[in-house]
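The values are calculated or read from the model by the stated rules, or taken from the named source; none is laboratory data. Quantities reported herein were computed from a predicted structural model and do not represent experimental measurements. Cβ atoms come from the backbone with ideal geometry, glycine included; neighbour counts cover every protein chain shown. These area figures cover heavy atoms from the full protein model, side chains too; ligands, DNA and RNA do not enter into them. Shrake-Rupley method; radii C 1.70, N 1.55, O 1.52, S 1.80 Å.
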Amino acid sequence: MSNVDGHDAGTPTWFDLMTPDLAGAQKFYGELFGWTFLQGTAETMYYTMCQKNGRNAAGMGKRPDDAPYPTSWSVYFDSKDVDATAAKIREFGGQLMMEPMDVMDQGRMLVCVDPTGAVFGFWQGRKHNGAQIIDEHGAMTWCEVNTRESEKAAAFYSKVLDVEARKMGMEMPDMTYYTLHKGEKAVSGIMQMNAQWPDSIPPHWMPYFAVDDAEAACEKIKSLGGQVMHGPFDSPYGLIAVVTDPYGAIFSIIKLSEAAMAA
């Protein structure tokens, strides 16, 4: 078990889902990941904490029927001061979609878009300090932005997240990929969307959840009404699959390799 009580500034702190069917999503993810749920009240729009072993793993909420955004998972990075972060986003070419706002006594957040078009958010924790469990079955473990302008994205995130972008070389010769490092630790990535990606797919952040067995998880996803879009395929970091839940939200699963667990 990998329990954590907080996250460093500029590192992934939280994934959450907006879904049209909260009960259906709870059934799907509960059976897939072994999550239990603490559902909020009408005051919180029934925002739900998804838990493993009594610790917060992710969140989900009911997507309004008239919402201008799709059913999707969102990625949030830790900020110790979201108002200062908002100024950096503007300074380095991003835009704010949701200005910094308080979420009751839980924390303060913003939602923004990077200069290449990918949407993500920042969270400044108060009572809620992000995921309390990582790198095990049903817990967040990685995220990467898929973009058609990886060099521009690398410059932006280096400044806004205060990380070092390192372009990968011979390990991945068929693609352009940057890892974003906080010190020596890789905390997220940037993938160049090449000609194999349909034009209809916009730049986006992809969340990864760890699983004990990627092939078994893919079969479970299909049996629960989801789809396996790509994979499972092997990588230096483990066996990966890109999947969707029954309502169209895309995410990735990975059975982490020993090398990835040791990093």
Which listed residue is among the small types (Gly, Ala, Ser) and open to solvent by 50 Å² or more (accessible area, probe 1.4 Å), from Ala118, Ala87, Ala139, Ala131: Ala87
Which listed residue, of Pro236, Pro202, is surrounded by fewer than 18 Cβ atoms within 10 Å (Cβ to Cβ) and farther than 23 Å from Glu136 by Cα: Pro202
Identity of the residue in the stretch 152-173, part of a loop (DSSP other than H, G, I, E, B) and modelled with pLDDT under 95, that ends up most open to solvent (accessible area, probe 1.4 Å): Met170
Any hit, the stretch 211-230, residues being assigned to a strand (DSSP E or B) and open to solvent by less than 40 Å² (accessible area, probe 1.4 Å): no
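Which residues, taken from the stretch 183-199, are touching a residue at least 24 places away in the same chain (Cβ under 8 Å) and open to solvent by less than 60 Å² (accessible area, probe 1.4 Å)? Quick ask: steps written out before the conclusion?
Residues of the stretch 183-199 that are touching a residue at least 24 places away in the same chain (Cβ under 8 Å), as a first pass: 185-193, 197.
Correct list: Ala186, Val187, Ser188, Gly189, Ile190, Met191, Gln192, Met193.
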Identity of the residue in the stretch 40-78, within 27 Å of Asp8 (Cβ to Cβ) and of a type in the set (Lys, Arg), that ends up least open to solvent (accessible area, probe 1.4 Å): Lys52
Failed item in (1) within 23 Å of Tyr157 (Cα to Cα); (2) part of a loop (DSSP other than H, G, I, E, B); (3) open to solvent by less than 40 Å² (accessible area, probe 1.4 Å), with Leu110 passing the rest: (2)
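Select from the stretch 239-263 the residues that are hydroxyl-bearing (Ser, Thr, Tyr), open to solvent by less than 40 Å² (accessible area, probe 1.4 Å) and at pLDDT 95 or above and list them in ascending order. If you could, list the steps in order and put the result at the bottom.
Keep residues of the stretch 239-263 that are hydroxyl-bearing (Ser, Thr, Tyr), which gives 244, 247, 252, 257.
Adding the requirement that they be open to solvent by less than 40 Å² (accessible area, probe 1.4 Å) leaves 244, 252, 257.
Listed by number, the residues that qualify are Thr244, Ser252.
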Residue list for the stretch 1-20, filter: outside any loop (DSSP other than H, G, I, E, B) and surrounded by 17 or more Cβ atoms within 10 Å (Cβ to Cβ): Pro12, Thr13, Trp14, Phe15, Asp16, Leu17, Met18, Thr19
Any chance Glu149 is surrounded by 18 or more Cβ atoms within 10 Å (Cβ to Cβ) and over 19 Å from the mean Cα position of the chain (by Cα): yes
